[in-house]
């Protein structure tokens with residue numbers, strides 16, 4: 001098998017996947033109708049608007065879109081459903097919560113939980129990242145507020161990132177909570193901003209202001225808050241005009257080694273997380289952080 005065919009064959013498989021749901025909206029209208037907005041789902045944790053060739057996914061877990069097991073599973077299921085729709089070529093991810101994209105992992109999923117619970121939580125995070133980072137869809141992050149830790153990882157996993165002007169920050173700041181970003185978050189950041197800046201970012205738990213994030217390549221554009229989603233709509237049009245098979249093959253060539261690295265040791269990664277998070281010192285840091293949050 002040639003080098004290129006290793007990438008094209010999975011892309012064709014992705015592009016050809018379809019289901020009955022891809023032809024009918026939830027009210028029974030044909031998915032091929034010419035209305036601009038083809039489909040709208042208000043499912044609570046995730047709101048999805050389907051438009052011509054792409055969808056806008058609004059994360060909707062107030063107040064800060066913290067990522068717990070249920071939310072991660074819902075996000076993964078929605079992306080997989082969009083991928084199964086042959087009419088969909090692009091995805092914009094944004095937030096329904098004011099001035100926050102996502103605050104990252106839900107601390108309550110890591111504090112005083114059983115090994116079984118933390119295993120399930122970490123597996124759901126792996127599933128979500130693998131699905132998003134390897135998506136056949138062109139993906140644009142419309143970052144309409146703060147985006148620390150896991151929120152930053154979501155944005156970095158997209159093909160293009162647009163961030164709002166203002167007092168917002170983005171970065172992998174896990175060390176400030178006494179925990180460590182997983183190696184696949186690290187690899188995603190390193191792929192985005194390079195090794196030296198990633199060393200500084202992870203070691204110091206840096207949170208970048210919009211202009212700083214643009215400077216180091218963490219994001220691609222900074223626009224006024226009220227224009228972020230509209231700018232994302234403009235940007236996604238550029239991506240979905242590229243032939244899907246070629247676009248996905250190019251994306252997979254760049255990202256395959258990062259994805260394979262996790263896929264090869266998923267169980268070890270889960271065990272490592274569970275063992276680490278249940279250490280007495282780590283639990284103490286998490287408990288202290290939760291107490292600080294209660295006082296705010």
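Numbers for the structure displayed
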{"item": "Gain on full stretching of the segment that runs from residue 200 to residue 250 - 0.36 nm per residue minus C-alpha separation", "result": "15.1 nm"}
{"item": "C-alpha long axis of helix 69-83 to longest principal axis of the chain, angle in °", "result": "20"}
{"item": "With Cα atoms, 0 to 90° folded angle of helix 115-133 axis to the chain main axis", "result": "40"}
{"item": "Residues 204, 177, 137, sorted so that the one with the fewest Cβ neighbours within 10 Å comes first", "result": "204, 177, 137"}
{"item": "Crossing angle, helix 266-277 versus the chain [Cα axis fit, 0-90 degrees, rounded to tens]", "result": "30"}
{"item": "Gaussian network model of the chain, Cα within-10 Å springs - most flexible of 140, 222, 282", "result": "282"}
{"item": "Value of [θ]222 nm, deg cm²/dmol, for the chain, DSSP H segments ≥ 4, -39500 (n - 2.57) each, nearest 500", "result": "-15500 deg cm²/dmol"}
{"item": "Gained length - residue 230 relative to residue 108, 0.36 nm times residue gap less alpha-carbon distance", "result": "40.5 nm"}
{"item": "Ranked packing of 152-159, 52-59, 251-258, most packed first, by mean Cβ within 10 Å", "result": "152-159, 52-59, 251-258"}
{"item": "Separation in nanometres of the label points that stand 7 Å from Cα toward Cβ, at residue 288 and residue 119", "result": "3.1"}
{"item": "Cα gyration tensor category, rounded, prolate or oblate, for segment 174-250 with a/c compared to 1.5", "result": "oblate"}
{"item": "Average Cα contact separation per residue, the chain, under 8 Å, 6 or more apart, as relative contact order %", "result": "18"}
{"item": "Convex hull projection area averaged over all views, the chain, Cα basis, nm²", "result": "15.7"}
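Read-outs throughout are calculated quantities, based only on the coordinates presented, and are distinct from any laboratory measurement. What you see is a predicted model, and the numbers here were worked out from it, not measured in a lab. Neighbour counts are summed over all protein chains in view; Cβ atoms, including those assigned to glycine, are modelled from backbone coordinates with ideal geometry.
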